[in-house]
């Protein structure tokens, strides 16, 4: 156990927040930092002892690789080897999507510790668009390894308060820069060159950069099941609340059990919606109240899941969203949360040991 301090990165406190985070990272500690996607738990990627603290704080299996964040495109060569046959494609993607929520899997440089890559010969790399994260990355002078700042398998945090609930007492510092802009983790891709044709993009994790956006630069293919653990965050059960969670495709497939308290995670929350009318829910929380906008739903997803998880419900029921654009990433998270449905009652209570 340790005392967890929070520093608000206001306009006046920006320099203090940056310097405090950098000081801890330089001495081999870990810090929760804001990104444009979700809050991340950061360590110097070249310091294996510091990276080990990430796995300990999160209770994360060491075979699950981490994303490495670089301060600028010129730093890519420090962590990855870009094969000549995909060099121009990587350049195009970086110009279009970096800094931003796109992670690219590439062969790793020997200097990247095996602990960071889960023993793989590849590394997942991105450049964050969050100005404070980038400032800390630049001031540290080394790449930053940073998975989401939550306990392993749990709901990713999009606010400093959510980080405190997950990791308070386990880490020394949280930098609070308000809510995250995107609300979903980055898209992760692997690139395969083709002679005389556009490259193939394999999406290992759907995210804010959509299939439709990537198709401008290459052909998008599905990832085979055996390839999933080449990338971070690919275990089947993930992003799970402590409350049993179930994704249901059609309203008529929901059959409530007598005496159970159910909450509905709805897309729009409209009173006349089929899911809303299906049952006398204890609570209905909408991802995009009334409007059905996927961008709003993506931003609110983890916040809404966490809020429902604290309501002592017997089960959370989620309705699907349209699997177009950002809807693909939203449905990916809902399916993984739904993969873990049989948690013991004792794990539903708040205040887990830190």
With N set to the number of residues, divide the alpha-carbon radius of gyration of region 10-78 by 2.2 N^0.38 Å and report two decimals.
1.19
Rounded to the nearest whole Å³, what is the per residue volume of the convex hull around the Cα atoms of region 245-348?
95
Taking Rh as the Kirkwood radius, which is the inverse of the mean 1/r over Cα pairs, what is the Rg/Rh value for region 5-156?
0.95
Tell me, what is the percent relative contact order of the chain, built from C-alpha pairs under 8 Å that lie six or more residues apart?
19
Defining a contact as two alpha carbons under 8 Å apart and six or more residues distant in sequence, what relative contact order in percent does region 5-176 show?
36
Of all DSSP beta bridges with both partners in the chain, the antiparallel percent, nearest 5, is 40
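Report, in deg cm²/dmol and to the nearest 500, the calculated mean residue ellipticity at 222 nm for the chain, where each DSSP H run with n ≥ 4 adds -39500 (n - 2.57) and the sum is divided by the residue count.
It comes out at -8000 deg cm²/dmol, rounded to the nearest 500.
Every read-out reported here was derived from the displayed coordinates using simple, explicitly stated rules and does not represent laboratory data. Since we're looking at a predicted model, the values are computed, not measured.
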